[in-house]
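I have a structure I would like to understand better, so I am pasting it below and will then ask my questions one at a time.
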Amino acid sequence: MTASSIPKYILPVIVVAQFCCTSLWFAGNSVMEDLVKNYDLIANALGHLTSAVQVGFITGTLIFAILTIADRFAPSKVFLVCALLGACSNLGLLWSGNTFESLLLIRFLTGFFLAGIYPVGMKIAADYFEKGLGRSLGFLVGALVLGTAFPHLLKGIAFNFSWKSVLICTSSLAMIGGLSMLLFVPNGPFRKAGKKLNFKAFFKVFQNHKFRAAALGYFGHMWELYTFWAFVPIFFINYNNLYLTANLNVSVLSFLTIGIGGIGCVLAGYLSSIFGTKRIAFLALFLSCCCCLLSPLLLEIAYPFIFIGFLLFWGLTVVADSPLFSTLVAQNADPQIKGTALTIVNCIGFAITIFSIQLINYLQQSTNSNIIYILLAIGPILGLIALSMKSKNEIS
């Protein structure tokens, strides 16, 4: 298969498969109130269970990167195996004998297998689309965003979906997504397979100063992103508690706030082809940084439409730069370890999310003030500095 003969259905299949499988990510968050009620969990279980997924993902990406799994084996097969195992792990939440510790383990395993889905999906896209990679990854990360938000929609729609149905549905989608990738997406024309274990690859990628600069920008972006997503339902719950007449639909609005980021990813991908990847990434990161700084004021504003509009705008911008950073990382990595490079950057980026999630989770138990969310601006500020440094190194 050559680049010119790539079937038009390839990208849609990759996008749909990514959407189906990443619905596992926040499935636990979407039914958190039910898990707390049924398993008698502690009050701050949200932060711990979210972090368990992140720790699992970090562990998985670390092992995948060290063993160069995504480069030595057919990525579609890796994607399928991890999708099936991740779906089974997600179903483990249904076991009536669960304890807080077993739930942590289940969410850890789900995160571990997601390491063979999200970065491997990007690797598959990069193997097919060298030109226009920013647009392709815009669709792909957009699918991740919608997949992340989808469980909230299932929980919030008026079809009497029980929390168990949400988990069964997301696991079923993951299985379908994995099978679709295997059946319809063979190895891409730009794939260069690694033929042996390369333990030095984990460290080698950072010797490239252009790759290193792109990775630093991504790390700053990640400090904010998943903490924002994890606490979106809390924003709406707190607002309902503050203004008793607001009566906002937490699940549906959480879906919209997270899901609108998918539009941001696609839009950013298109704009990057016109104005440049670095410039659009800088703009998106700057806007989300402004949201962090304005959050103490606008999360308590007495006008619900302004409050909702603010969160929708934040949700739009907070992830719009993600495919652009991944594009820069993929373009500046050695082709033979491209999958490993993407996995390494994901590993470190998600490790950073643990610290920000736990920091905000801890502070939330100590104070009711929304001023704590200003701390989310630390990452974007550092990311903006990294992007400014990249301009000196002439990264486009």
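The values are calculated or read from the model by the stated rules, or taken from the named source; none is laboratory data. Small disclaimer: the values here were computed from a predicted structure and weren't measured. With ideal geometry, Cβ positions are generated from the backbone for all residues, glycine too; neighbour counts draw on all protein chains shown.
Test Ala17 against the criterion of being more than 16 Å from Tyr226 (Cβ to Cβ), touching a residue at least 40 places away in the same chain (Cβ under 8 Å), in contact with a Ser or Thr (Cβ under 9 Å, 6 or more places away or on another chain) and crowded, with 23+ Cβ neighbours inside 10 Å, and give yes or no.
The answer is yes for Ala17.
Sticking with this structure for a sec: Could you go through segment 47-55 and let me know if any residue there is surrounded by fewer than 17 Cβ atoms within 10 Å (Cβ to Cβ), touching a Phe, Trp or Tyr at 6+ places or on another chain (Cβ under 8 Å), on the phi < 0 side of the Ramachandran plot and touching a residue at least 60 places away in the same chain (Cβ under 8 Å).
There is no residue in segment 47-55 that is surrounded by fewer than 17 Cβ atoms within 10 Å (Cβ to Cβ), touching a Phe, Trp or Tyr at 6+ places or on another chain (Cβ under 8 Å), on the phi < 0 side of the Ramachandran plot and touching a residue at least 60 places away in the same chain (Cβ under 8 Å).
Each row is one residue, and each column tells you yes or no for (1) touching an Asp or Glu at 6+ places or on another chain (Cβ under 6 Å); (2) closer than 22 Å to Gln364 by Cα; (3) of a type in the set (A, V, I, L, M).
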| position | (1), (2), (3) |
| --- | --- |
| Phe211 | no, no, no |
| Gly217 | no, no, no |
| Ala230 | no, yes, yes |
| Asn240 | no, yes, no |
| Tyr243 | no, yes, no |
| Val250 | no, yes, yes |
| Leu256 | no, no, yes |
| Gly262 | no, no, no |
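Continuing with this model, one more query. Does Thr110 satisfy the criteria of being within 16 Å of the chain's Cα centre (by Cα) and of a type in the set (S, T, N, Q)?
Yes: the conditions hold for Thr110.
Yes or no: segment 42-63 includes at least one residue that is at pLDDT below 80, touching a Leu at 6+ places or on another chain (Cβ under 8 Å) and in a helix (DSSP H, G or I).
Yes, that holds for at least one residue.
Contact list please: Cβ distance under 8 Å, first residue in segment 353-381 and modelled with pLDDT under 90, second residue among the hydrophobic types (A, V, I, L, M, F, W, C) and surrounded by fewer than 16 Cβ atoms within 10 Å (Cβ to Cβ), pairs at least six apart or on different chains.
Between residues of segment 353-381 that are modelled with pLDDT under 90 and residues that are among the hydrophobic types (A, V, I, L, M, F, W, C) and surrounded by fewer than 16 Cβ atoms within 10 Å (Cβ to Cβ), the close pairs are Gln365/Ala43.
Moving on. Kindly provide the set of residues from segment 64-99 that are at pLDDT 90 or above and among the aromatic types (Phe, Trp, Tyr), ordered by number.
Phe79, Trp95
Among the helices (runs of 4 or more DSSP H) lying completely within segment 133-218, list those that include at least 2 residues that are at pLDDT below 90 and surrounded by fewer than 16 Cβ atoms within 10 Å (Cβ to Cβ).
Fully inside segment 133-218 and qualifying: 163-184.
How many residues, within segment 74-118, are surrounded by 17 or more Cβ atoms within 10 Å (Cβ to Cβ), in a loop (DSSP other than H, G, I, E, B) and not small (Gly, Ala, Ser)?
Within segment 74-118, residues that are surrounded by 17 or more Cβ atoms within 10 Å (Cβ to Cβ), in a loop (DSSP other than H, G, I, E, B) and not small (Gly, Ala, Ser) number 2.
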